[in-house]
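Beneath this line is the structure, given in C-alpha cells, with notes to follow.
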Amino acid sequence: MTGTAPAGAPAATSDADPAQRRVLRVLVAAQVLSGAGLAAGVTVGALLAQDMLGTTSLAGLPSALFTAGSALAAVAVGRVSQARGRRPGLAAGYLAGAAGSAGVIVAAVLDSPVLLFLALFVYGAGSATNLQARYAGADLARPDHRARAVSTVLVATTLGGVAGPNLAAPTGSLAATLGIPFLAGPFLLSGAAYALAALVLAVRLRPDPLLLARTRAAGGESGAPDDTAQAADRAGGARPGVLLGALVMVLSQLVMVAIMTMTPVHLHDHGHGTGAAGVVIALHIGAMYLPSPLTGRLVDRARARRRARGGTSDGALTIAVASGITLLAAGVVAATAPGDSVALLAFALVLLGLGWNLGLVSGTAIITDAVPLATRARTQGMVDVSIAVAGATGGLSSGVVMAQAGYPVLALTCGVLALAVLPAVAATAYRR
C-alpha cells in the first residue's frame with residue numbers, strides 16, 4: 001500500500017512495483033515478435049524491388065519509402081498514445097505494419113511495383129512502433145531506473161532481430177509452395193509477427209503504463225515517476241532537454257545509418273562476398289542492442305553519483321558524450337582500415353553499433369526526464385520523426401559522398417560530425 005510508505009519513499013514505482021514488472025514483461029514479449037517482423041522484411045525489401053523492376057537504380061527506393069512511412073507513423077502512434085494510452089497506440093502501429101506486410105505479398109503476387117511501394121510505406125509503421133515501445137517501458141519507472149527500463153525493452157528486439165534474417169530462406173521456401181514469389185516469403189513472417197505483437201499488447205498491456213503514470217502523478221503519490229520531468233518543466237529546463245535529447249539521437253542515427261549502409265558496398269568493392277558482409281552487419285546489429293542493459297545501468301549510476309555529489313541528476317549527459325566519442329572512434333577505424341581487412345571493418349561497425357546504443361539510451365532518458373506527462377507521448381513521437389528523417393538522410397547521402405570521395409572520407413566525416421554532441425552537452429550543462 002502506498003499510503004503506508006515512509007515519506008519520500010518511491011512506493012508507487014519501486015523495483016517491486018507489480019504494474020511495472022508486468023508492463024516490462026509484456027513489452028519484452030511484443031518486442032521479440034516485432035523485432036523478427038522488422039528484420040525479416042528489411043532483409044529482402046531492396047532485393048524484392050530489384051527483382052520486380054529488373055534494375056538496381058531504384059533498389060534504394062524501398063528504404064526511403066519505409067523510412068517515410070516510419071516517420072509518419074511515429075507522429076500517429078505518438079498522438080494516439082497521448083490521447084488514449086500506450087496500448088492502443090502501439091497496437092495500432094503494429095497492425096499497420098502487419099497490413100503493410102500483407103500488401104507487399106499481394107504486390108509480389110500481382111507483380112505490381114506501385115502497390116509494392118505503397119505497401120512498404122505502410123510497412124514502415126512497424127519500425128516506428130518498435131522504436132516507440134521503449135518509451136512505454138519508462139512511463140512507470142522511477143527516475144533513477146528509467147534508463148534500465150528503456151534498455152530492457154530495447155535488448156528484447158535483439159532476439160527477434162537475430163531470428164528474423166535467419167528465417168528468410170525457410171519462409172521463402174514456404175512462400176514458393178503457396179505460389180508466392182520466394183523473396184516475398186519473409187513478409188509472411190513479418191506480417192504474422194507484427195499481428196501477434198499487436199495482439200499481445202492489446203490483450204496483456206494492462207494497466208496502460210502512461211495512463212497509470214498520469215493517475216499516480218495526479219494523485220500526488222510519493223515517488224511518482226514524473227517528478228524529474230515536472231521539476232525540469234517548472235525550472236524552464238524542459239525545452240533544452242528535449243532539444244539536446246533529440247540532437248543526441250539524431251546524430252547517432254545519421255552517423256550509424258550512413259556508415260552502416262555503405263560498409264557492405266565497400267566490402268564488395270574489395271572482393272568480399274555477401275557472407276563477409278553478413279557477418280559484419282550481424283556483429284553491428286548485435287552491438288546496437290545487446291549492450292542496452294549495461295548502458296541503462298551506466299546512465300542510472302551516473303545520475304546517482306551526480307546526485308550524491310549535490311549536482312543535477314542528468315548523468316545521461318555523460319553517456320551522451322561517450323556516444324559521440326565512440327562514434328568518432330568508429331569512423332576513424334573504418335576510415336583507416338584496409339579494404340581487405342574484414343576484422344577491422346567488423347570492429348569499426350561494432351564500435352558504431354555501441355555508439356548508437358549509447359546515444360539512443362541516453363537521449364531517450366534525457367527526453368523522458370525533460371517532458372511532463374501531459375505532453376510526453378506526443379513529444380516523443382515528434383522526436384522519433386526527426387530520428388527517422390536523420391536515418392533517411394544518412395542513407396541517401398552516404399551513397400553520394402562515397403561515390404564522390406570514397407568510403408574513408410565518408411566514415412571520417414561521419415565520425416567528426418558525431419562530435420557535435422559535445423558542445424551541445426556542454427552548453428546544456430552550463431545552463432543548468
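The values are calculated or read from the model by the stated rules, or taken from the named source; none is laboratory data. Everything quoted here is computed from the prediction, not taken from an experiment. Positions of Cβ are backbone-derived with ideal geometry, glycine not excepted, and every protein chain shown enters the neighbour counts.
Rundown of residues vs (1) surrounded by fewer than 23 Cβ atoms within 10 Å (Cβ to Cβ); (2) touching a residue at least 12 places away in the same chain (Cβ under 8 Å), yes/no style:
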residue	(1), (2)
361	no, yes
365	no, yes
371	no, yes
386	yes, yes
400	yes, no
408	yes, yes
419	yes, yes
Handout entry: Output for the range 260-284, where each listed residue is touching a Gly at 6+ places or on another chain (Cβ under 9 Å) and in a helix (DSSP H, G or I)
Key = 260, 261, 262, 264, 265, 266, 267, 269, 283, 284
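For (1) in the same structural domain as residue 131 (by TED's automatic domain parsing); (2) more than 17 Å from the chain's Cα centre (by Cα); (3) under 22 Å from residue 71 (Cβ atoms), each residue gets a yes or a no:
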position	(1), (2), (3)
334	no, yes, no
358	no, no, no
386	no, no, yes
391	no, no, yes
Handout entry: The one condition in (1) assigned to a helix (DSSP H, G or I); (2) modelled with pLDDT under 90 that residue 141 fails to fulfil
Key = (1)
Problem - Selected residue (criterion: surrounded by the fewest Cβ atoms within 10 Å (Cβ to Cβ)) from residues of the range 83-115 that are not in a helix (DSSP H, G or I) and not charged (D, E, K, R) - result: 112
Handout entry: Segments classed as helices (runs of 4 or more DSSP H), wholly inside the range 175-234, with at least 1 members that are more than 14 Å from residue 98 (Cα to Cα), modelled with pLDDT of 90 or more and touching a Lys or Arg at 6+ places or on another chain (Cβ under 7 Å)
Key = 185-204, 209-218
Handout entry: Residues being within 18 Å of residue 136 (Cα to Cα) and polar (S, T, N, Q) - total across the range 358-406
Key = 6
Exercise for the section: Could you list, in sequence order, all residues of the range 377-400 that are closer than 21 Å to residue 79 by Cα and among the polar types (S, T, N, Q)? Expected result: 379, 380, 386
Handout entry: Selection status of residue 35, at pLDDT 75 or above, on the phi < 0 side of the Ramachandran plot and either hydrophobic (A, V, I, L, M, F, W, C) or out of contact with any strand residue (DSSP E or B) (no Cβ under 8 Å at 6 or more places or on another chain) (or both)
Key = yes
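One line per residue, one yes/no per condition, for (1) surrounded by 22 or more Cβ atoms within 10 Å (Cβ to Cβ); (2) at pLDDT below 80; (3) in contact with a Pro (Cβ under 7 Å, 6 or more places away or on another chain):
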residue	(1), (2), (3)
257	yes, no, no
271	no, no, no
307	no, yes, no
319	yes, no, no
Exercise for the section: Take residue 412 and decide whether it is in a helix (DSSP H, G or I) and modelled with pLDDT of 90 or more. Expected result: yes
Practice task
Go through the residues of the range 116-128 one by one and say whether even a single one is touching a helix residue (DSSP H, G or I) at 6+ places or on another chain (Cβ under 6 Å), more than 30 Å from residue 28 (Cβ to Cβ) and either surrounded by fewer than 24 Cβ atoms within 10 Å (Cβ to Cβ) or touching a residue at least 40 places away in the same chain (Cβ under 8 Å) (or both).
Solution key: yes
Handout entry: Failed item, numbered, when residue 84 is tested on (1) farther than 18 Å from residue 45 by Cα; (2) under 15 Å from the mean Cα position of the chain (by Cα); (3) free of Cβ contacts under 8 Å to residues at least 60 places away in the same chain
Key = (2)
Exercise for the section: Taking residue 344 as the residue in question, decide whether it is in contact (Cβ under 8 Å) with a residue 24 or more places away in the chain and part of a helix (DSSP H, G or I). Expected result: no
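Conditions (1) in a helix (DSSP H, G or I); (2) closer than 15 Å to residue 252 by Cβ; (3) among the hydrophobic types (A, V, I, L, M, F, W, C), marked per residue:
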{"residue": "363", "(1), (2), (3)": "yes, yes, no"}
{"residue": "377", "(1), (2), (3)": "yes, no, yes"}
{"residue": "383", "(1), (2), (3)": "yes, yes, yes"}
{"residue": "386", "(1), (2), (3)": "yes, yes, no"}
{"residue": "402", "(1), (2), (3)": "yes, no, yes"}
Exercise for the section: Spot the failing condition for residue 151; the list is (1) crowded, with 24+ Cβ neighbours inside 10 Å; (2) over 23 Å from residue 391 (Cα atoms); (3) among the hydroxyl-bearing types (Ser, Thr, Tyr), and only one is missed. Expected result: (2)
